[in-house]
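Report on the following structure.
Derivation of every value follows stated rules applied to the coordinates shown; laboratory data play no part. Everything quoted here is computed from the prediction, not taken from an experiment. Note that we place each Cβ from the backbone using ideal geometry, even for glycine, and neighbour counts take in every protein chain shown.
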Amino acid sequence: MPDDDCEIWFPVKRYGWGWGLPRAWQGRVALGMYAMMLVTAAFTIDPEQDAVLLMGWVVGWTILLLVVTWLKGEPPVGIGATAGNPGVSRVYRLAGAWGLTPVSG
């Protein structure tokens, strides 16, 4: 059962990179608002007349949702991560596959 009083709104996905479905009610509200704004745009903005406005609307709300999930979600982990192992990012895997050693800064 989801914990509605938790600080983390979006848990990380079990497999892959990114976030899963919302854990807290605040995350469900944020996702619902995002969906509602996209549906509103679909019914109110004519893509033949205002294609740039429609794209800006969708991109703007998507960026806002990503910012919210980044700030209120669990920190994302790399590919192949488990509970005790943070995983390896795709960049490091590609670098290793090509025989390159990633430079640490």
query: Hey, fewest Cβ within 10 Å first, where do THR69, THR44 land in order?
result: THR44, THR69
- prompt: Taking the convex hull of the alpha carbon atoms in the stretch 18-74, what volume per residue do you get, in Å³?
  reply: 72
query: ALA51 to GLN26: FRET efficiency via 1/(1 + (r/R0)^6), r the Cβ-Cβ distance, R0 30 Å, to the nearest 0.05?
result: 0.35
